[in-house]
């Protein structure tokens, strides 16, 4: 499959609120440095290379970019790279960011923001991105506690016009139900891919029934998480990749998108060739036999 000119539009589209996005997007987490994300000794990525990847993503039809103010290395900030590369922003571009976690100037993680601190995080994203509003803000959490106060604080900023739409990240189904009593939720961003837990499979289904976008992270990396994709793909994934003339990462992305029309993908990279391959995965239509093999592998690995 020749990937250089395949558009993200081939992946189909979904709506985040009133904004239509292609189902293959771009995640900015890996944009600032080489190696494992958030590693304190990682080498910062070349600025021009990162800017080039962002501009090429948009040229390839990507109109959904996922970022956060806490995506930075010793020399690079993902938000500021996005600003430099893409401002003035295309009218159809949707930038999704996350609040809740924070890092100090040395890169050390801070306690998650309180309701009163969330406005400062929103304003920092606005400043870095050079915008007067944020398209989508996800409240990212750790744990199972109530999110009502924190989500209500973001709903107030939505009412004030600083945020257009709200989402959730790293949550459970009861968090979605709780949030929806406060304000509409347009997306849930959770870890998901081949081998994901039955609980995440059920959550994906719930989101589909409620027309909420389900946005997996680590759909390529899997258990490698911030370290990136491992070399431990199964023989079945390799066999399908060889038969199709694609990479195992493309097979994983294609399978993820096949899980439902409401599933979006946000693979990240700082490499132009990998970017083209990720976008091209949105055009890969797996056969029923291939899906059956991967589904079986998914259930065995869960």
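Filtering region 251-272 to residues that are part of a helix (DSSP H, G or I) and in contact (Cβ under 8 Å) with a residue 60 or more places away in the chain leaves 253, 255, 256, 257, 272. Taken as a whole, the condition of being in a helix (DSSP H, G or I) and within 27 Å of residue 118 (Cα to Cα) applies to residue 82.
Does residue 25 satisfy being at pLDDT 95 or above, on the phi < 0 side of the Ramachandran plot, surrounded by fewer than 23 Cβ atoms within 10 Å (Cβ to Cβ) and in contact with a helix residue (DSSP H, G or I) (Cβ under 8 Å, 6 or more places away or on another chain)? So residue 25 fails the test.
Of all residues in region 66-81, those satisfying the criterion of being out of contact with any strand residue (DSSP E or B) (no Cβ under 6 Å at 6 or more places or on another chain) and under 26 Å from residue 14 (Cβ atoms) are 69, 71, 81.
Taking the criterion of being modelled with pLDDT of 90 or more and farther than 13 Å from residue 193 by Cβ, the residues of region 217-248 that qualify are 235, 236, 238, 239, 240, 241, 242, 243, 244, 245, 246, 247.
Okay, residues lined up against (1) over 16 Å from residue 270 (Cα atoms); (2) surrounded by fewer than 23 Cβ atoms within 10 Å (Cβ to Cβ); (3) in contact (Cβ under 8 Å) with a residue 40 or more places away in the chain:
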residue	(1), (2), (3)
34	no, yes, yes
44	no, yes, no
51	no, yes, no
70	yes, no, no
81	no, no, yes
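Kindly provide the set of residues from region 118-131 that are surrounded by fewer than 18 Cβ atoms within 10 Å (Cβ to Cβ) and touching a helix residue (DSSP H, G or I) at 6+ places or on another chain (Cβ under 7 Å), ordered by number. Hits for region 118-131 are 119, 130.
The values are calculated or read from the model by the stated rules, or taken from the named source; none is laboratory data. All values derive from a computational prediction rather than experimental measurement. Positions of Cβ are generated from backbone atoms using ideal geometry, with glycine treated the same way; all protein chains shown enter the neighbour counts.
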